[in-house]
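Chemist: Dropping a structure here in structure tokens format, bear with me for questions.
The values are calculated or read from the model by the stated rules, or taken from the named source; none is laboratory data. Note that the coordinates shown come from a computational prediction; the quantities given were computed from them, not determined experimentally. Every residue, glycine among them, receives a Cβ derived from its backbone with ideal geometry; neighbour counts consider all protein chains shown.
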Amino acid sequence: MSKHINSVMETHYQKYKETIKRVARRNYQKRVAWLNNHLQNESCVHCGESETICLKLYPHDTEIRKQAKRVGTNDDSRKEVHRLMNSCKVVCSNCWIKLDNDLIEFL
Ligand SMILES: [Zn+2]
């Protein structure tokens, strides 16, 4: 009898674990998605590249992405991230490299 209960519990736990993983993955995608949504309407300030996947926020991209993943999806916890984003310029990966090497500068 107790063996039966154990196996029921185990099955339950396995299902539960899968659900947690699924929810965590969905939340992660949601957190990164709003950042990509934001970049969707942007383009590189230097060359006009508008492909979202190429765009970064100069110079705080790493910090913004780190915080975007950590903070919740409500507006309050995004305030700090928005503050960072507002102090950034949108550039593409190519221009980022050029900027980093002083080949171009913002006018
Ligand atoms: Zn560019």
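Chemist: For the subset of the stretch 44-53 comprising residues that are more than 8 Å from the ligand (Cβ to nearest atom) and surrounded by 11 or more Cβ atoms within 10 Å (Cβ to Cβ), which member is nearest to the chain's Cα centre (by Cα)?
Modeler: Looking at residues that are more than 8 Å from the ligand (Cβ to nearest atom) and surrounded by 11 or more Cβ atoms within 10 Å (Cβ to Cβ), I get THR52.
Chemist: Turning to a different aspect of this structure: Among all residue pairs at least 6 apart or on different chains, which show Cβ distances below 7 Å where the first residue, located in the stretch 79-107, is under 20 Å from HIS38 (Cα atoms) and of a type outside the set (D, E, K, R) and the second is within 10 Å of the ligand (Cβ to nearest atom) and modelled with pLDDT under 90?
Modeler: CYS95/ILE104
Chemist: Okay, moving on. Scan the stretch 90-103 for residues that are touching a Phe, Trp or Tyr at 6+ places or on another chain (Cβ under 7 Å) and modelled with pLDDT under 95 and report the count.
Modeler: 1
Chemist: Here is a follow-up. Quick one: in the stretch 58-77, which of the residues that are in a helix (DSSP H, G or I) and aliphatic (A, V, I, L, M) is modelled with the lowest pLDDT?
Modeler: Checking each candidate, the answer is ALA68.
Chemist: Among the residues of the stretch 26-43, write down those that are small (Gly, Ala, Ser) and in contact (Cβ under 8 Å) with a residue 40 or more places away in the chain.
Modeler: Listed by number, the list holds a single entry, SER43.
Chemist: Filter the stretch 23-43 for residues that are surrounded by fewer than 15 Cβ atoms within 10 Å (Cβ to Cβ) and of a type in the set (Gly, Ala, Ser); which is nearest to the ligand (Cβ to nearest atom)?
Modeler: Going through the qualifying residues, I end up with ALA33.
So that you can scan it fast, the table gives a plain yes or no per residue for (1) surrounded by 14 or more Cβ atoms within 10 Å (Cβ to Cβ); (2) within 15 Å of the ligand (Cβ to nearest atom); (3) in a helix (DSSP H, G or I):
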{"site": "ASN6", "(1), (2), (3)": "no, no, yes"}
{"site": "LYS15", "(1), (2), (3)": "no, no, yes"}
{"site": "GLU18", "(1), (2), (3)": "no, no, yes"}
{"site": "LYS56", "(1), (2), (3)": "yes, yes, no"}
{"site": "LYS79", "(1), (2), (3)": "no, no, yes"}
{"site": "ILE97", "(1), (2), (3)": "no, yes, yes"}
{"site": "ASP102", "(1), (2), (3)": "no, no, no"}
